[in-house]
1. How many residues does the stretch 144-165 hold that are assigned to a loop (DSSP other than H, G, I, E, B) and either at pLDDT below 90 or of a type in the set (F, W, Y) (or both)?
2. Condition first: in contact (Cβ under 8 Å) with a residue 12 or more places away in the chain, under 19 Å from V136 (Cβ atoms) and within 16 Å of the ligand (Cβ to nearest atom). Can you find one or more residues in the stretch 41-51 that meet it?
3. Among (1) closer than 30 Å to V154 by Cα; (2) at pLDDT 85 or above; (3) away from the ligand (no atom under 15 Å from the Cβ), where does I141 come up short?
4. For the stretch 377-388, which residues satisfy the criterion of being in contact with a Lys or Arg (Cβ under 8 Å, 6 or more places away or on another chain) and either part of a helix (DSSP H, G or I) or acidic (D, E) (or both)?
5. Give me the pairs: first residue in the stretch 75-102 and touching a residue at least 60 places away in the same chain (Cβ under 8 Å), second residue in a helix (DSSP H, G or I) and among the aromatic types (F, W, Y), beta-carbon distance under 7 Å, and six or more apart or on different chains, which are they?
6. Here is a check on your reading of the model: is T331 in contact (Cβ under 8 Å) with a residue 60 or more places away in the chain, in contact with a strand residue (DSSP E or B) (Cβ under 6 Å, 6 or more places away or on another chain) and polar (S, T, N, Q)?
Amino acid sequence: MAPIGKIYSYPNNPRVAKALIAARYNGLEVEVPADFTMETFKSPENLKKFPLGKVPVFEGADGFQLFESSAIAYYVAAYKENTDLLGATAAERALVQQWILFADNEVNNNFSAWFGPLMGYQPYLKPSVDAAIEKVTFADICVATSLVGPYKMVFDKEFRAQYKNVNRYFNTLINQPHFKAVVGDIPLCETALKYTPPKKEKKPAAEQPKKEKKAEPKKEKKPEAAEEADEPKPEPKPKSALDLLPPSPFVMDAWKRMYSNNDTDVAMKWFWENHDPQGFSLWKVDYKYNDELTQTFMSNNLIGGFYARLERAHKYAFGSMIVRGTNNNNTISGYWLIRGQEVPFEIYDAADYESYNFTKVEPAQYEEKKKEIEDYMSWNFEDLADGKIFK
Ligand SMILES: N[C@@H](CCC(=O)N[C@@H](CS)C(=O)NCC(=O)O)C(=O)O
């Protein structure tokens, strides 16, 4: 059968894959010219046809033109009369639209914000997908192809462990023959792409030894974000209400350096001598759903996930959160030092905040809680499994 048209794009673009997979389900052929280059695509002559200058675009054998990958794929899906791909009733067709829009607006856009600067898109935490998927629809084609990049680039093993249903959904689909024929084997991400800051001045090496000196509690694998906290940040930041509080003699950065560079008992002595209970507050923090925790490494990942959403809080908070116990019998808890007397916007706005109880430790309780706070800061527990420092 003659191809119904041509899709122009660079090779292996997942936005093209959905049209090619739909074509296979419909028994159609679509050509993807191999001599495509972005340079010729953006020639003035071509931009007259496709002014957005973005790929993919489609040109039908009859001259019909389309841009937007979902429209192109939809055209291919709808090309065959009575196709099974688009639903038989109004409700089914609307559901297909729902997932097309979900894939484009929620999945693709959010993924782009994550690894867009690196290469691709950003993670959307797709709700658990339990539904059986014996019957593939165009919605599945759109959602699964939008996840190809993330599974290759940023969903590493630890991350995947948290989303078993999505993994099952994705794996089932990409192993269907028509998917496989187009996207091939998808090597699952081993090491997630990370942001590499542009080289600033000449001394990237000078920072290295400093980090090694840091004496953190045993086993601490330093969160990336923590390292960034030490670096000067030239960009103007949006103002925080916390910057309007009366000045405090306690300097958060000095405490963080103290904690990082000294044994914790030395750092804690400094802490109690310098703590300013008017300017800062101490909080016991407990995960609300400890009885649902399973593997200790997954509990520790939850802490990492919480921290990852607290980017704006580094200037105002320090936390030590630990996992205590064993697989299928563990808890997440910790202590935090926070600027001001309330849990600030920078923390309560984080998506995971609702999963934790923050209980303030009043100055009158310091004496009674001192040992426990110190144990949490130094990870001094027999049943310690893992932990992470937020700084
Ligand atoms: N919503 C569009 C997005 C297209 C798009 O962003 N394409 C990128 C490549 S994946 C592109 O052509 N970028 C070139 C540019 O912006 O100059 C679609 O799904 O087709």
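The values are calculated or read from the model by the stated rules, or taken from the named source; none is laboratory data. Computed from a predicted model, the values in this text were never measured in an experiment. For neighbour counting, all protein chains shown are included, and Cβ atoms are generated from backbone atoms with ideal geometry for every residue, glycine included.
1. 4
2. To start, the set of residues in the stretch 41-51 that are in contact (Cβ under 8 Å) with a residue 12 or more places away in the chain comprises 41, 49-50.
Of the ones still in play, those that are also under 19 Å from V136 (Cβ atoms) are none.
No: the stretch 41-51 contains no residue that is in contact (Cβ under 8 Å) with a residue 12 or more places away in the chain, under 19 Å from V136 (Cβ atoms) and within 16 Å of the ligand (Cβ to nearest atom).
3. Among (1) closer than 30 Å to V154 by Cα; (2) at pLDDT 85 or above; (3) away from the ligand (no atom under 15 Å from the Cβ), I141 violates only (3).
4. Applying the first criterion (in contact with a Lys or Arg (Cβ under 8 Å, 6 or more places away or on another chain)) to the stretch 377-388 yields 379, 381, 383-388.
Result: D383, D386.
5. A77/F138; L85/Y25; L85/F138
6. No: the conditions fail for T331.
Residues are listed down the side, and each one gets a yes or a no for (1) assigned by TED's automatic domain parsing to the domain that holds N108; (2) under 21 Å from G184 (Cβ atoms); (3) under 29 Å from the mean Cα position of the chain (by Cα):
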residue	(1), (2), (3)
N12	yes, yes, yes
R15	yes, yes, yes
K18	yes, yes, yes
N26	yes, yes, no
F41	yes, no, no
P44	yes, no, no
K48	yes, no, no
P51	yes, no, no
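Residues are listed down the side, and each one gets a yes or a no for (1) away from the ligand (no atom under 11 Å from the Cβ); (2) surrounded by 11 or more Cβ atoms within 10 Å (Cβ to Cβ); (3) farther than 21 Å from P14 by Cβ:
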position: E59; (1), (2), (3): yes, yes, no
position: S70; (1), (2), (3): no, yes, no
position: T83; (1), (2), (3): yes, yes, yes
position: E92; (1), (2), (3): yes, yes, yes
position: Q98; (1), (2), (3): yes, yes, no
